[in-house]
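Peer 1: Below is the structure I would like to discuss, written out as structure tokens.
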Amino acid sequence: MPDKDELFEKLMQVVLACGAAKATVIPAAKIECDTVFRDICSSNACGLYGKCWMCPPDIGDITRLMDEVRGYAYALVYQTVSDIEDSFDIEGMLDARKQFHEIEKRVRRGLDAYTFAKVLHLGAGGCGVCETCSKVNDEPCRYPELAISSLEAYGIHVSKLATASDMRYINGENTVTYFGAVLFTV
């Protein structure tokens, strides 16, 4: 097995090759979590609360999920930055999120070649593996081995994650930025 610096560099290169704008590895101990994000989820601003197996309330207890985050050694953090027409371009934001979900899938496939003691893929705004979550029809998750929860569902403070990763949370006017992270222990 390569040394950690070499491994981290290879992991970052995989993520960049999958379409991310930036990628870095940080100690998972730098990730800040807060239960307030569950309150934000329960406001249902995204429309997925109770409609996606990987979103609250179905994803599980926020305290348990935050403890799970703390149980990993590292986080491979990545971001995309997409141009949109203006801050009211909801369609552009949704298209960018859909493209981000495709990158999440490529990242998972790209990292399949690596063996981790444990690994957890987290992304932006709901799962995105299926066009419509089976939760809507009260059926079990179709692809539990591929499903991806959001950073916020695990209580991760994404703007502070950006800072800890030396990335910008806001990347200028007429852009939308999405973050993902692969938590892992080697």
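The values are calculated or read from the model by the stated rules, or taken from the named source; none is laboratory data. Note that the structure is predicted; figures quoted are calculated from it, not measured. Every residue, glycine as well, gets a Cβ built from its backbone with ideal geometry; the counts of neighbours run over all protein chains shown. Ligands, DNA and RNA are excluded from the accessible area calculation, which covers all protein heavy atoms including side chains. Shrake-Rupley method; radii C 1.70, N 1.55, O 1.52, S 1.80 Å.
Peer 1: Tell me, what HN-Hα J-couplings in whole Hz come from the Karplus equation 6.51 cos²θ - 1.76 cosθ + 1.60 at θ = phi - 60° for each residue of the range 129-139, using x for Gly and Pro?
Peer 2: Once θ is set to phi - 60°, the couplings for the range 129-139 become 5, 9, 4, 10, 5, 5, 4, 4, 9, 6, 10 Hz.
Peer 1: While we're on this one: Could you tell me the relative contact order of the chain? Use alpha-carbon pairs under 8 Å, at least six residues apart, and round to a whole percent. Each step should come with its number before you reach the end.
Peer 2: Working: 320 pairs, mean separation 64.8, N = 186.
Answer for the chain is 35 percent.
Peer 1: Does the range 94-138 come out rounded, prolate or oblate, given a ≥ b ≥ c as the square roots of the eigenvalues of its C-alpha gyration tensor, rounded meaning a/c under 1.5 and, failing that, prolate meaning a/b above b/c?
Peer 2: Details: a/c = 2.60, a/b = 1.54, b/c = 1.69.
Oblate, since a/c reaches 1.5 and b/c is not below a/b.
Peer 1: Let me ask another. To the nearest 20 debye, what charge dipole does the chain have about its Cα centre, counting +1 at the Cβ of each Lys and Arg and -1 at the Cβ of each Asp and Glu? All intermediate terms of the calculation are to be shown ahead of the outcome.
Peer 2: On the way: 19 positive and 27 negative charges, 100 e Å.
Using Cβ point charges on Lys, Arg, Asp and Glu, the chain gives about 480 debye.
Peer 1: What stretch of the chain, leaving out the sites themselves, is the longest with no GluC sites (Glu not before Pro) in a DSSP loop having at most 11 other Cβ atoms within 10 Å?
Peer 2: After excluding every exposed loop site, the longest remaining stretch is 1-84.
Peer 1: Given points 7 Å out from each Cα along the Cα-Cβ axis, report the residue 29 to residue 86 separation in nanometres with one decimal.
Peer 2: A separation of 4.8 nm, rounded to one decimal place.
Peer 1: Which value, in debye to the nearest 20, describes the size of the charge dipole of the range 78-140 about its Cα centre when Lys and Arg Cβ atoms bear +1, Asp and Glu Cβ atoms bear -1, and nothing else is charged?
Peer 2: Values: 8 positive and 12 negative charges, 120 e Å.
Value, rounded to 20: 580 debye.
Peer 1: Order the following by accessible area, largest value first: 51, 135, 118. Probe radius 1.4 Å; ligands, DNA and RNA are ignored. Don't jump to the answer; show the numbers that get you there.
Peer 2: Numbers: 51 105, 135 40, 118 80 Å².
Highest to lowest solvent-accessible surface, that is 51, 118, 135.
Peer 1: Can you divide the C-alpha Rg of the range 15-147 by 2.2 N^0.38 Å and report the result to two decimal places?
Peer 2: Compared with the compact-globule rule of thumb, the range 15-147 sits at 1.10.
Peer 1: Would you please classify the overall shape of the range 3-92 from the alpha carbon gyration tensor, given that a ≥ b ≥ c denote the square roots of the eigenvalues, rounded means a/c under 1.5, and beyond that prolate means a/b larger than b/c while oblate covers the rest?
Peer 2: Details: a/c = 2.53, a/b = 1.20, b/c = 2.11.
It comes out oblate by the Cα gyration axes.
Peer 1: Next up: Set the Förster distance to 41 Å, then compute FRET efficiency between residue 44 and residue 186 from the Cβ-Cβ distance, nearest 0.05. Intermediate results must be reported in sequence, preceding the final value.
Peer 2: Numbers: r = 38 Å, r/R0 = 0.92.
After rounding, the FRET efficiency stands at 0.65.
Peer 1: Once you keep just the Cα pairs under 8 angstrom separated by 6 or more residues, what percentage relative contact order results for the range 18-97? Can you show the working numbers first?
Peer 2: Details: 64 pairs, mean separation 35.8, N = 80.
Reported relative contact order: 45 percent.
Peer 1: Oh, and also: Evaluate the charge dipole of the range 16-80 about its Cα centre and quote only its size in Debye, nearest 20, assuming +1 on the Cβ of each Lys and Arg and -1 on the Cβ of each Asp and Glu. It would help to have the intermediate numbers written out before the result.
Peer 2: Details: 6 positive and 7 negative charges, 45 e Å.
Charge dipole of the range 16-80: 220 debye, to the nearest 20.
Peer 1: Going by the alpha-carbon gyration tensor, a ≥ b ≥ c the square roots of its eigenvalues, is the range 70-171 rounded (a/c under 1.5) or, if a/c is not under 1.5, prolate (a/b greater than b/c) versus oblate?
Peer 2: Details: a/c = 1.72, a/b = 1.07, b/c = 1.60.
Oblate, because a/c is 1.5 or more while a/b does not exceed b/c.
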